[in-house]
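The values are calculated or read from the model by the stated rules, or taken from the named source; none is laboratory data. Fair warning: this is a prediction, and the values are worked out from it, not measured in the lab. A quick note on method: Cβ atoms are made from the backbone with ideal geometry, for glycine too, and the neighbour counts reach across all protein chains shown. The accessibility values were calculated without ligands, DNA or RNA, using every heavy atom of the protein model including side chains. Shrake-Rupley method; radii C 1.70, N 1.55, O 1.52, S 1.80 Å.
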Amino acid sequence: MISMNKVSKHYGSFQVLTDCTTQVHKGEVIVVCGPSGSGKSTLIKCVNGLEPFQSGEIIVNGVSVGDPKTNLSKLRSTVGMVFQNFELFPHMSIIDNLCIAQIKVLGRSQEQAREKGHKLLDRVGLRAQAEKYPGQLSGGQQQRVAIARALAMDPICMLFDEPTSALDPEMVNEVLDVMTELAQEGMTMMCVTHEMGFARRVASRVIFMDQGRIVEDDSKEAFFEHARSERAQQFLAKILHH
Amino acid sequence: MAYNWNWGVFLQPTATGDESTYFGWMLYGFKMTIALSLSAWLIALAVGAVVGVLRTVPNKWLSGIATAYVEVFRNIPLLVQLFLWYFVIPELLPENLGNAFKQTNPILQQFLASMVCLALFTSARVAEQVRSGINSLPPGQKNAGLAMGFTLPQTYRHVMLPMAVRLIVPPLTSEFLNIFKNSAVCSTIGLLELAAQGRQLVDYTAQPYESFIAVTVAYLLINVVVMFGMRWVEGYVRVPGYIGGK
């Protein structure tokens, strides 16, 4: 589904990603973790072309992301993305947030889009909020709406960029629950997150990054029980003791 | 103070025998100021919006051209720009076009030069507001739009501009007020707008206090109306739950 081969990226002389290679198969849930500044978010943003990269290759569903001839908008419409800061469109009601791209990008009718939107709001438990505006919802609610908005496009896979990092602790679980459910239904997912509990529950594989390199890429059992690199062991020791 | 107040002066017929009262002159200037400022404002908004958007696009050529535009119109004094438009540009036009301009009604010539001058001067300032509005949006908004499959123009149209416009209503109000005040500069090329009529009244009636008090009140009146109008716009586009929202 997603295949990366020796992806490298630099800003000027600063190397952000170095030779990142990995595969994500259909139905897999990949958790990407690592210290801040290790390039996790950059890596995930390369997958749908939000961040350009200088060398290497990323193929999503048979389409090369880095190829200048690729219609990136079309590719992105098939890849759902959820951001750290939700990024709902504040001037639109919740239901319009879910409908706008369905209508303008996929060409669905207003009725089709609204029906789909309401169904998905139901699924994330927010049907009653459909006519409200993003600023009137809590962070956890906004992030659930953001997930529903991405799902409304019927994506073939979902990218999550630290979806719970900006949330109050008590709202983290409501978002993780939605993500867990999604994973159990077989959605292909790539999640940058520090939620190791989530990783233990649903991840197929864990990728650990440090200084722009993929240091570990292993099953979750292998990663949590006996991480090979010292850097990953230190990282785990730090975050698991809390 | 030995000054003879005479508010009745406005009702007197003018000394030129043009069958108008001095009030009629003031009214003419008032209408001219409004017509000039409003037409220039509409052009400034349209041009400023386009230039402001172009300043933020990734294409270096487009943003470079837009930057040059803003710097040119922002950095030459308004008065000099007006003289350029009125005295110099008609000479630089292709000959038949320049001649056509010089043969039109002189009032129309003054009006057109003034309108273009005020419009482009203000458009550079509007462009800066539009740019700062777009740049003050959270950077993730653009990514969110693109990630949904919107093209860059669609992202501007549906995601970035609707919020940017709301953010810049207050500074745009200032620009709107400014254009009325700046229009007084156009009296220097002979356009009989409000300020020019005020001066003319002094020359003909020797009642400077009444004349300039009337001009002051007229400008205040215009700007109070603009302020309330823009305040209404601000309330109308307010986003529920957002900063300053209901």
* Per the helix-only calculation at 222 nm, which mean residue ellipticity applies to the protein assembly as shown, given -39500 (n - 2.57) for every DSSP H run of n ≥ 4 and division by its residues, nearest 500 deg cm²/dmol? -> -17500 deg cm²/dmol
* So which lysines pass the test for B:Lys31, namely a Cα distance under 25 Å, with those fewer than 8 places away in the same chain ruled out? -> B:Lys102, B:Lys181
* Structure fact -> Partner shielding of A:125-137, taken as the mean number of other chain Cβ atoms within 10 Å, equals 2
* Estimate for me the total accessible surface buried between chains A and B (protein heavy atoms, probe 1.4 Å, no ligands or nucleic acids), in Å² to the nearest 100. => 2000 Å²
* Net charge over other residues, Cβ less than 12 angstrom from the Cβ of A:Asp122 (K, R count +1; D, E count -1) -> +4
* To do: Go through B:Leu191, B:Trp41, B:Leu201 and say which Cα lies farthest out towards the positive end of the charge dipole of chain B; charges sit on Cβ, +1 for Lys and Arg, -1 for Asp and Glu.
  => B:Trp41
* How big is the charge dipole of region B:19-237 about its Cα centre, in debye rounded to the nearest 20, if each Lys and Arg gets +1 on its Cβ and each Asp and Glu gets -1 on its Cβ? -> 800 debye
* Along region B:95-101, what does the Karplus equation 6.51 cos²θ - 1.76 cosθ + 1.60 (θ = phi - 60°) give for ³J(HN,Hα), rounded to whole Hz, x for Gly and Pro? -> 3, 5, 5, x, 5, 4, 4
* Asked: Taking each residue of A:87-97 in turn, how many C-beta atoms of other protein chains fall within 10 Å of its C-beta, and what is the average?
  -> 5
* What ranking, highest mean first, results for peptides A:8-18, A:26-36 when packing means the other Cβ atoms within 10 Å averaged over each residue? -> A:26-36, A:8-18
* Asked: Tell me, what is the 1.4 Å probe accessible area of A:Lys45, in Å² to the nearest 10?
  -> 40 Å²
* Structure fact -> For chain A, averaging the sequence separation of alpha carbon pairs under 8 Å that lie six or more residues apart and dividing by its residue count, the contact order in percent is 27 percent
* Asked: Quick one: net charge of A:Val7's neighbours, Cβ under 15 Å, K/R +1, D/E -1?
  -> 0
* Asked: Of the cross-linked pairs A:Lys26/B:Lys60; A:Lys40/B:Lys142; A:Lys104/A:Lys220; A:Lys26/B:Lys142; A:Lys104/A:Lys132; A:Lys69/B:Lys60, which ones have a Cα-Cα span greater than 31 Å in the structure shown?
  -> A:Lys26/B:Lys60; A:Lys104/A:Lys220
* To do: Can you tell me the relative contact order of region B:19-237? Whole percent, Cα pairs under 8 Å, sequence separation 6 or more.
  => 29 percent
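How large is the accessible surface per residue of chain A, computed with a 1.4 Å probe and reported in Å² as a whole number?
Accessible area per residue, chain A: 43 Å².
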* **Bins of 10 Å, starting at 0 and running to the largest distance - Cα pair percent for region B:19-237** => 8, 27, 30, 21, 10, 3, 1
* **Accessible surface of chain A, 1.4 Å probe, proportion on carbon and sulfur as whole %** => 46 percent
* Per residue of region B:23-38, in order, report the coupling 6.51 cos²θ - 1.76 cosθ + 1.60 (Karplus, θ = phi - 60°) as ³J(HN,Hα) in whole Hz, putting x for Gly and Pro. => 4, x, 4, 4, 5, 4, x, 4, 5, 5, 4, 5, 4, 5, 5, 5
* Asked: Taking the alpha-carbon centroid of each part, what is the distance from region B:48-112 to region B:128-158 in angstrom?
  -> 29 Å
* **D (Stokes-Einstein, µm²/s), Kirkwood Cα radius, the protein assembly as shown, 0.692 mPa s at 37 °C** => 123 µm²/s
* To do: Assuming R0 = 56 Å, can you tell me the calculated FRET efficiency for the pair A:Ile59 and B:Ser132, based on Cβ-Cβ distance, to the nearest 0.05?
  => 0.90
* Asked: Between A:Glu221 and A:Asp122, what length comes free when the chain is fully extended (0.36 nm per residue of separation minus the Cα-Cα distance, one decimal in nm)?
  -> 32.2 nm
* Structure fact -> Heavy-atom accessible area of A:Asp122, protein chains in place, probe 1.4 angstrom, given in Å² to nearest 10, is 90 Å²
* Asked: Can you give the accessible area of B:Ser174, probe radius 1.4 Å, in Å² rounded to 10?
  -> 60 Å²
* **Ranking by accessible area, most exposed first, for B:Leu38, B:Leu152 with a 1.4 Å probe** => B:Leu38, B:Leu152
* Amide H to amide H, which residues 5 or more places from A:Val29 or on other chains are under 5 Å from it, using H placed in the peptide plane? -> A:Met189, A:Ser204, A:Arg205
